[in-house]
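The values are calculated or read from the model by the stated rules, or taken from the named source; none is laboratory data. If you're wondering where the values come from, they're calculated on a predicted model, not measured in any experiment. Heads up, the Cβs are rebuilt from the backbone with ideal geometry, glycines too, and the neighbour counts pull from every protein chain shown. Heavy atoms of the whole protein, side chains included, go into the accessibility calculation; ligands, DNA and RNA do not. Shrake-Rupley method; radii C 1.70, N 1.55, O 1.52, S 1.80 Å.
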Amino acid sequence: MPEPLKSKRTTIGAALLVLLTAGSAADATEDLNALVWCDHTDPTLIEPFEKAHDVRVNLKDYEGTGTALSLIEQSQPGDWDVFVIDGIDVPRAIEADLLAPLPKDQLPLGDLFPELVMPANHEKDGQVYAVSEKFGYNTISFNKDKVDPADMNDMTVIWSDKYKDRIAVYDYYLPVLGMVAIGLGKPTAGLAEADLPVLRDQLFKMKSVAKLVGGVVESQTALATGEVDILVGGGEWVTASLTGDNPALDWVLPEQGGVRWSQSIGVFKTSQKQALALEFVKYILSPEGQARLATSSCYWAMPANQKAGQHLSEPQKRALRWSDQAGYLAKAQLYPAPSPELDAQMQDVWTEFLQH
Amino acid sequence: MSRPAGHSWRAILLVAPALLWTLAFFVLPFAVMVVLSLWERVGSQLVPSWTLANYAKLLERGHFLAALVNSLEVTALVTALSILLAYPFAWILAEQVPKRWQRLALLLAVLPFWTSYVIRSYSWLLVLAKNGIVNQALLASGLIAQPLALANSRTATVIGFVHFFVMLLTLTIYANLVQLPANYRRAAADLGAGALRTFWHVILPLTLPGVMVGAFLTFVLCIGDYITPQILGGNNELLLPQVIMLQIGRRADFPTASALSIVLMLVVTAAYLAAARWLKLERA
């Protein structure tokens, strides 16, 4: 066969294959619309559910609960079926009457890490409205070839002159304010307006030694390219995907502890596909779904279901620090969940910090 | 003599699509934004309190006002640098490149526009990093002993902006330069003017409309841009669009964001009024 023709045939064949493969979701009998974080957009996670249920899952990823709430406000009731939301904002969604109660007996609540059940966030009047699906830590990521790893065990290193201009700060005020509070010996759950002046001063001190404050990509890039050697607010979600290229990148929970974040999943009250949406939630919370979610291409983090360990390889578990979780969970505090008024004040302090 | 009624109805029908478009996609959203700017976010609710409190925040909070000042400074710097770089570039394209190569040269000049704006900004972040190509080249040449702190700074933001807007200004100035009849230069030479004097007294004044159109577009696009300072600035200072985005991200404080956006629009309007003389829109 002449080479150009062979090449042309191969191209046509490949195109047909792609069309046929794509057709399986495109020709699905039903659609499910999910408002999610970017880790849910990994086809490795979604395709098995689509095939098993002959459904097309339409995913819209967002950043920031405010953005999600705006999207919901601008939508018609019933537009959305599944909601992935920051664990600390679930009460906000329950209060806004967005979520449907979930059948407790169909959820693997007993398989979750106990700290991730979070009834205060997920339940109201005895009804479960959301379930934790993934969690991790906002703590200190660093390049162990460039800094003294022993220094990273003390949270106060984040405002230490020793690493001036070698520190990046993750641009999200709640976890970083939580880390500063922990460094000052203040429990994150008890933060109040009276604490803000002290936190503000300490943030300013941190700014004076920081090289930059950046979002996920900017922070990761800075750490990966050697622009900085320490990332405040980092953790496995930043370093796990980078250690393949640079094994010197590491993260630690300091002696004082760290800040724990988590994301939750629930079903919209107005969804017209309650049963299918519940199936999706159950799939995501299943050991297989949890393992895929934990190692999603957007970012890695710990699955909330302990049984996911059966479906993770040893290198994956090592990257996630699977065997250290008991100690980490005991030391970590959930990041601040302020009232709307305190939230506004914290954001204002953060804006001052950025402008400082 | 009065016009026939059918004529005026036809005119209205012809104008109607543009009018409806403007009403639906500019006037209506703008009115909503004005209304929202007078409301307040109280807790998790938007309350129609009809107050100017959101505007007052700009004066009460030093970091909000600083963001506006930073935006004006960066925009002025970017506009000035872009003009200084774009003018000679446009002149070379129009005067020094043979006619048959000008289209290709223009195509090459606008090639960077074909790359995504976000990707271009991240590329600059890598180029300007401590281990980036700029620092590597300077270190290798012995010009510096330590890497320069170029990335994550105002310098990086300005470089990112200028790279983009030089292309835009080049196009507007080039379009103006190629329309100038060669007779003007010959006449100036006949009258004894040298090249520099001809440029200063003839070419430059006649190309000012092109410069001003490009400068105005640069000003408007630069002062409202969020992506470039967010990626390249390292949050070491905030510009006003970044402060606006901060209000929306987590708390969905649309009233404050709307008030700050209207302030930004007022600044753009002031810039338009200042440049209106040169924009020559009345020709239309």
For peptide A:160-168, the mean count of other chain Cβ atoms within 10 Å per residue Cβ is 1
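Cα gyration tensor of chain A, axes a ≥ b ≥ c as square roots of the eigenvalues: rounded (a/c below 1.5), prolate (a/b > b/c) or oblate?
Values: a/c = 1.87, a/b = 1.31, b/c = 1.43.
The shape class here is oblate.
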Taking every residue of B:249-257, the Cβ atoms of other protein chains inside 10 Å of its Cβ average out to 6
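For the stretch B:146-251, what class follows from the C-alpha gyration tensor (a ≥ b ≥ c being the square roots of its eigenvalues): rounded when a/c is under 1.5, otherwise prolate if a/b is larger than b/c, else oblate? Please report the intermediate quantities before stating the final value.
Numbers: a/c = 4.48, a/b = 2.50, b/c = 1.80.
Prolate is the answer for the stretch B:146-251, as a/c is 1.5 or above and a/b outweighs b/c.
Of all the accessible heavy-atom surface of the stretch B:70-244, with the other protein chains kept in place and a 1.4 Å probe, what percent is carbon and sulfur?
Working: 6070 of 8620 Å².
Here carbon and sulfur together make up 70 percent of the probe-accessible area.
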Candidate cut points under trypsin sites (Lys or Arg not before Pro) in the stretch B:204-284, DSSP loop plus at most 15 other Cβ atoms within 10 Å of their own Cβ, are B:280
Taking the protein assembly as shown and a Cβ-Cβ threshold of 4.7 Å, the cysteines left without a partner are B:222
Looking at the stretch B:123-171, residues buried by 50 Å² or more relative to their chain on its own, accessible surface at probe 1.4 Å, turn out to be B:130, B:152
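Given a 1.4 Å probe and heavy atoms of the protein chains only, how would you sort A:132, A:323, A:75, largest accessible area at the top? Mind dumping the intermediate values first?
Working: A:132 0, A:323 105, A:75 30 Å².
So the residues, ranked largest to smallest area, are A:323, A:75, A:132.
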Cα-Cα pairs in the stretch B:58-147 separated by more than 20 Å, as a whole percent of all pairs, come to 66 percent
In whole Å, largest first, the alpha carbons of the stretch A:181-230 cover along the principal axes 39, 21, 16
The orientation-averaged projected area of the Cα convex hull of the protein assembly as shown, in nm², is 41.7 nm²
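Would you mind classifying the stretch B:70-244 by shape? Square roots of the alpha carbon gyration tensor eigenvalues, ordered a ≥ b ≥ c; an a/c under 1.5 is rounded, otherwise it is prolate if a/b is larger than b/c and oblate if not. Write out the running numbers ahead of the final one.
Numbers: a/c = 2.22, a/b = 1.79, b/c = 1.24.
Prolate, since a/c reaches 1.5 and a/b exceeds b/c.
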Between chains B and A, the summed loss of accessible surface on complex formation, probed at 1.4 Å and reported to the nearest 100 square angstrom, is 2900 Å²
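So with the 1.4 Å probe, I'd like the accessible area per residue for the stretch B:70-244, rounded to whole Å².
Here the per-residue accessible area is 49 Å².
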The computed P(r) of the stretch A:213-290 puts the percent of Cα pairs beyond 20 Å at 53 percent
Of the convex hull drawn through the C-alpha atoms of the stretch B:1-106, the volume per residue in Å³ is 319 Å³
For residue B:111, the accessible surface traced by a 1.4 Å probe with all protein chains present amounts, in square angstrom to the nearest 10, to 70 Å²
To the nearest 10 degrees, the tilt of helix A:43-53 (Cα long axis) against the first principal axis of the alpha carbons of chain A is 40 degrees
Checking A:301, A:291, A:100 against a Gaussian network model of chain A (alpha-carbon springs below 10 Å), the top fluctuating residue turns out to be A:100
Per GNM of chain A with C-alpha springs under 10 angstrom, the most fluctuating residue out of A:178, A:214, A:126 is A:126
